[in-house]
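Below is one structure; the comments refer to it alone.
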Amino acid sequence: MIPVAHILILSAILFTIGVSGVVIRRNAIVVFMCIELMLNAVNLGFVGFAYGMQSMVGIMFVFFVLVVAAAEAVVGLAIMLEIFRTRDTLNIDEFNLLKW
Amino acid sequence: MLIFFYIFGLLAVLSALGLIVLRSPVYCAMALVGTFVSLAAIFVLLNNEFVAAMQILIYAGAIMVLFLFVIMLLNLRAETHKSMHWGLAKALGVAFALGILAQLVGVLSSPAARLGPMGGYSAQRIADEGALHIVGRLLLTDYVLPFEIISVLLMIAVMGAVVLAKRRPPRHIEEGS
């Protein structure tokens, strides 16, 4: 039996790495991959709780998170394609049209 | 069993660090695939072959292939040294991320997070009935409304992607074509 606390702490570490990636990277696609990493870390947390509590609710949540992540990836990458066509860059520091 | 958990956990953390330090987007995508595969191995260790299979099929298969297609379609250059430069803002951001880590570890290792077995699905019962069987039955009974909503969400996502990524019609028609 793997201790549930260790699973949850691994999930927290992966989530933190994802947050740091979003902060320090400037390439929009890499930032997007870091968001996927954060979603996956939360999935690990759900599975860890489901394992510790002997429940299926966590597994169902993982199922829905997976589908939402897929939908998000599809729409986000389409938006990035369109941004690249108009701005010719994916550096998020240059997407400042909505700043004042 | 525990030693495998630590090995795959270490692999997942190392590949996740690779994701945020490697310069080329293609290498970053490969590092992320490494994290996904290690996490799938951990899901198998946690008696969840169903989630592990979905992880490999959807994340490592579908989503990462989509990312690689877009990276290659856009012909991105690796980030320059200047954009990887560490400024005060990034250092502060990482400091705040470490603060989040401290909070999460504090909450998740507190006694309140140790809930104990409350559901009725023991490892023995899951092994007897089959995880896929249980998930399928739950999807069509208790979770039928979220299931239907998620199918509508997927359809809208597909239509949105087509509308967004569609080439605009050219302003003038070329001669002879």
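The values are calculated or read from the model by the stated rules, or taken from the named source; none is laboratory data. Note that the structure is predicted; figures quoted are calculated from it, not measured. When we count neighbours, we look across all protein chains shown, and the Cβ atoms used for this are built from the backbone with ideal geometry, even at glycine.
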Search result, residues across region A:37-72 that are surrounded by 23 or more Cβ atoms within 10 Å (Cβ to Cβ) and either within 20 Å of B:VAL26 (Cα to Cα) or in contact with a strand residue (DSSP E or B) (Cβ under 6 Å, 6 or more places away or on another chain) (or both): A:LEU37, A:ASN40
Residue satisfying all of: in region B:36-73; of a type in the set (Gly, Ala, Ser) and under 17 Å from A:PHE46 (Cα atoms); surrounded by the fewest Cβ atoms within 10 Å (Cβ to Cβ) among these: B:ALA53
Residue match in region B:80-87 (condition: over 30 Å from A:MET53 (Cβ atoms), free of Cβ contacts under 8 Å to residues at least 12 places away in the same chain and of a type in the set (A, V, I, L, M)): no
Residue in region B:104-111 that is polar (S, T, N, Q) and more than 7 Å from chain A (Cβ to nearest Cβ) present: yes
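Take region B:141-154 and flag every residue that is under 21 Å from B:ALA53 (Cβ atoms) and either in contact with a helix residue (DSSP H, G or I) (Cβ under 7 Å, 6 or more places away or on another chain) or modelled with pLDDT under 90 (or both). Can you show your working first?
Of region B:141-154, the ones under 21 Å from B:ALA53 (Cβ atoms) are B:143, B:146-147, B:150-151, B:154.
Within region B:141-154, B:TYR143, B:PRO146, B:PHE147, B:ILE150, B:LEU154 meet the criteria.
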Complete set of residues in region A:16-50 that are at the interface with chain B (Cβ under 7 Å from one of its Cβ atoms) and among the hydrophobic types (A, V, I, L, M, F, W, C): A:ILE17, A:VAL19, A:VAL23, A:ILE24, A:ILE29, A:VAL30, A:MET33, A:CYS34, A:LEU37, A:LEU44, A:VAL47
